[in-house]
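Chemist: The structure that follows is given in the form of structure tokens.
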Amino acid sequence: MKAFVNEPVLELRRAPVRAQLADALAAHDARPVVQAPVWIGSDRREGSDLVSTDPGDPERVVTEAAAATPGEVEAALALASGRGAKAWGATPAAERAEVLVRAAAWLRERRLEIAALEVREAAKPWPEADADVCEAIDFLEYYARGALDLARGAPLLQMPGERNELRWSPRGVVAVISPWNFPVAIPLGMVAAGLATGNAVLLKPAEQTPGCAALLVRALRESGVPPEALALLPGEGEVGAALVKDPRVHTIAFTGSNKVGLEIVRSAAEVPDGQRHLKRVVAEMGGKNAVIVDSDADLDEVVPALVASAFVFAGQKCSAAARVLCHEAIHDALVERLAGAVEVLQVGQAERLDTDVPPVIEREAQERVERYAAEAERAGRIAARAGDVPGHGWFATPTLAADLPEDSPVLSEEIFGPLLAVERVRDVAAACDRLDESPFALTAGLFARNPDTVDYVIDRVPVGNLYVNRAITGAMVARQPFGGNRLSGTGTKAGGPGYLLQFVEPRVVTENTMRHGMVV
Ligand SMILES: NC(=O)c1ccc[n+]([C@@H]2O[C@H](COP(=O)([O-])OP(=O)(O)OC[C@H]3O[C@@H](n4cnc5c(N)ncnc54)[C@H](O)[C@@H]3O)[C@@H](O)[C@H]2O)c1
């Protein structure tokens, strides 16, 4: 297999490419509503228990999904833990890798169609929707190669008369529970890791984006994943909870909120009757991502990077900036310049290329952002709000807050929307102290010109991904393996070396090779 390279994003500045996007969206809109079935083996049951709608136009139905019943969850578990895990686990790693690479080609061929679905179902603006499809392709290509490396085992010390071998076997059944904000890349990444390593996988996608999940399951099945090795179980949280506690599940790959992640960790720690293994939980959770700005930072660089980090995709990336810890010497200047930038943000539909901030995913998210904005106004100051916010659709007003007390929940809780708070700090050390108080440690950023300051912050900041003198979103597979520490995650890095080890069981075989005479 050729060396891994990232899938190039579309050149959206080119008029012909933009015309293709418009055509893809028109084609999407002309097709019937997407169906996300409960899909177990070759049984496919469609339904409309869950309906996803366009966040920018909530009357527009995007997908109708069947919700998995307890009986269907049982059937999926029986199939996956029986034939599914056995047959797929016995398939040579090279064959499994080929299937994943074929699925990457499947996505590549349909990238505009898939991005159009994301535009409608998650209100992902085109550049982010396209990047999400590219990341999904990257996960497939990267984990296919990683699984081949794992299949080669690892060298161990050999002594005369003894042969030592380390190999990794599939664990069995992986339950994947995914969020809506990277509706193809995140579920596909977790599913691909489980499949690449020979496990059977049950996918419980986010209830907000079942259409995207159905598409990725189609991609994998049409590329050669046997039906018994991959099931789609749309539904609300209780479908995920049922998988987590079932004794036939070996690994749970979860990405989502802190609250749900902790519940999963607790539930998976139980060992119900009949379970002969310990479950492993890979949990990627929420954060409260801060950017430290030192007094010597170049505001011409800082302002656009902060605006992009905080407001692109309406602040709904797990890596989005939510706090700025700014040196007191330039605090007022930064707030003034950020305010100017926030006021002119273009809030609009995801499909428009001039949109800076699309709607948030649902009404509840809109209300949450407004609640925190009201709290910021009460306890501190609103330095800026974007004007001209559409009244129809789940639009939340991009907001810049300042002068909040240190104990404000606006500074410590994950809001997951377009609200950025700036805090005044005495110096970079004080910024690091504040950051260190947080139970979250997902991403952070630093703007500073002094290399000693950069080294100091690298040493002190406990986050999983630290970005220096750049925006803090946009991690790429193999370049910025991604995942948080502390209560932001179990410390595994998606798209990086070591990730696949979560999905396998190590086995060491030691053979005495001294001859004891021939058996006759
Ligand atoms: N660290 C990362 O890499 C990363 C990436 C993307 C999103 N996130 C986080 O995800 C969150 C946003 O996503 P969300 O709103 O979909 O999160 P969520 O936790 O509400 O839902 C995630 C998934 O868990 C399921 N679920 C809900 N209750 C459950 C239960 N009791 N047992 C099992 N499963 C259950 C949901 O149905 C959904 O499929 C944010 O907190 C964000 O920071 C983190």
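Chemist: In what sequence, highest mean first, do 118-128, 185-195 appear when ranked by Cβ atoms within 10 angstrom?
Modeler: Averaged packing, sorted descending, gives the order 185-195, 118-128.
Chemist: For the Cα atoms of the chain, what angle does the longest principal axis make with the long axis of helix 185-196, in degrees from 0 to 90, nearest 10?
Modeler: Computed tilt is about 20 degrees.
Chemist: Now for a separate question. With the contact rule set at Cα under 8 Å and sequence spacing of 6 or more, what percent relative contact order holds for the chain?
Modeler: Across the chain, relative contact order equals 17 percent.
Chemist: Next up: Just how large is the dipole of the chain about the Cα centre, in debye to the nearest 20, putting +1 at every Lys and Arg Cβ and -1 at every Asp and Glu Cβ? Numbers along the way, then the final one.
Modeler: Working: 54 positive and 72 negative charges, 421 e Å.
With Lys and Arg at +1 and Asp and Glu at -1, about 2020 debye.
Chemist: Oh, and also: Test of understanding: what is the full-extension gain from Ala3 to Met518, defined as 0.36 nm times their sequence separation minus their Cα-Cα distance?
Modeler: Full extension from Ala3 to Met518 adds 180.8 nm.
Chemist: Here is a follow-up. Would you mind checking the range 295-335 for residues with the amide N under 19 Å from a putative spin-label position 7 Å along Cα→C-beta of Asp433?
Modeler: What the label zone holds, given the 19 Å backbone N cut-off, is 295, 324-331.
Chemist: Take the Cβ-Cβ distance between Arg381 and Ser257 as r, set R0 to 22 Å, and report the resulting FRET efficiency rounded to the nearest 0.05. Could you put the intermediate results ahead of the total?
Modeler: Details: r = 29 Å, r/R0 = 1.30.
That pair, Arg381 with Ser257, gives E of 0.15.
Chemist: Given labels modelled 7 Å from the Cα in the Cβ direction, how far is it in nm from Arg14 to Ala374?
Modeler: Using points 7 Å along Cα→Cβ, the separation is 4.9 nm.
Chemist: Right, here's the next one. How big is the Kirkwood radius of the range 455-520, worked out from every pair of different alpha carbons and given in Å to one decimal?
Modeler: Averaging 1/r across every pair of different Cα atoms and inverting gives 15.7 Å.
Chemist: Packing-wise, with mean Cβ within 10 Å as the measure, how do 431-440, 319-328 rank, highest first?
Modeler: Details: 431-440: 18.2, 319-328: 24.5.
Listed from highest to lowest mean packing, they are 319-328, 431-440.
Chemist: Additional query: So for the pair Gln346, Ala154, with labels modelled 7 Å out along Cα→Cβ, what separation do we get in nm?
Modeler: Once both label points are built, they end up 5.0 nm from each other.
Chemist: Place a label point 7 angstrom from the Cα of Arg45 along the Cα-to-Cβ direction, then list the residues of the range 222-243 whose backbone nitrogen is under 18 Å away.
Modeler: Under 18 Å, as judged by backbone N against the label point of Arg45, lie 228, 230-243 of the range 222-243.
Chemist: As an exercise, use a Förster radius of 25 Å and the Cβ-Cβ distance of Ala329 and Ser412 to find the FRET efficiency, rounded to the nearest 0.05.
Modeler: Step by step, r from the Cβ atoms, then E = 0.50.
Chemist: If you don't mind, there's one more thing I want to ask. Remind me, relative contact order of the range 384-495 in percent, using alpha carbon pairs under 8 angstrom and six or more residues apart? Could the numbers behind the result be given before it?
Modeler: Numbers: 146 pairs, mean separation 21.3, N = 112.
Value for the range 384-495: 19 percent.
Chemist: Work from the charge dipole of the chain (Cβ charges, +1 for Lys and Arg, -1 for Asp and Glu, about the Cα centre) and give the residue of Pro170, Val62, Ala104 farthest towards its positive end.
Modeler: Of Pro170, Val62, Ala104, it is Pro170.
Chemist: Mind jotting down the distance between the C-alpha centroids of the range 121-147 and the range 397-449, whole Å?
Modeler: Answer, in whole Å: 29.
Chemist: Give the peptides 284-293, 334-343 in descending order of average Cβ contacts within 10 Å, highest first. Walk me through the numbers before you get to the answer.
Modeler: Numbers: 284-293: 27.0, 334-343: 18.3.
Top to bottom by mean Cβ count within 10 Å: 284-293, 334-343.
Chemist: Test of understanding: what is the full-extension gain from Gln35 to Thr510, defined as 0.36 nm times their sequence separation minus their Cα-Cα distance?
Modeler: 165.9 nm
Chemist: Among Gly391, Ala329, Ala196, which residue has its Cα furthest toward the positive end of the charge dipole of the chain, with +1 on Lys/Arg Cβ and -1 on Asp/Glu Cβ?
Modeler: About the Cα centre, the residue reaching furthest to the positive side is Ala196.
Chemist: Over the chain, how many pairs of lysines fall under 24 Å by alpha carbon, counting only those 8 or more apart in sequence or from different chains?
Modeler: 23
Chemist: Just how far, in whole angstrom, is the range 10-88 from the range 151-190 if you go by their alpha carbon centroids?
Modeler: Using only Cα atoms to place each centre, the spacing works out to 28 Å.
Chemist: How far, in nm, would the chain grow between Arg470 and Arg108 when pulled straight, counting 0.36 nm per residue and subtracting the alpha carbon separation?
Modeler: 127.4 nm
Chemist: So if I place +1 on the C-beta of Lys and Arg and -1 on the C-beta of Asp and Glu, and nothing else carries charge, what would the dipole magnitude of the range 193-326 be about its Cα centre? I want it in debye, nearest 20.
Modeler: Here the size comes out at about 600 debye.
Chemist: Now a separate question. For the chain, evaluate the Debye formula with one uniform point scatterer on each Cα (no solvent term) and list log10 I(q)/I(0) at q = 0.13 Å⁻¹, rounded to two decimals.
Modeler: -1.27
Bear in mind that the values in this text are calculations on the coordinates, not laboratory data. These figures come from a predicted structure and were not determined experimentally. Cβ sites come from the backbone with ideal geometry, for glycine too, and all protein chains shown count toward neighbours.
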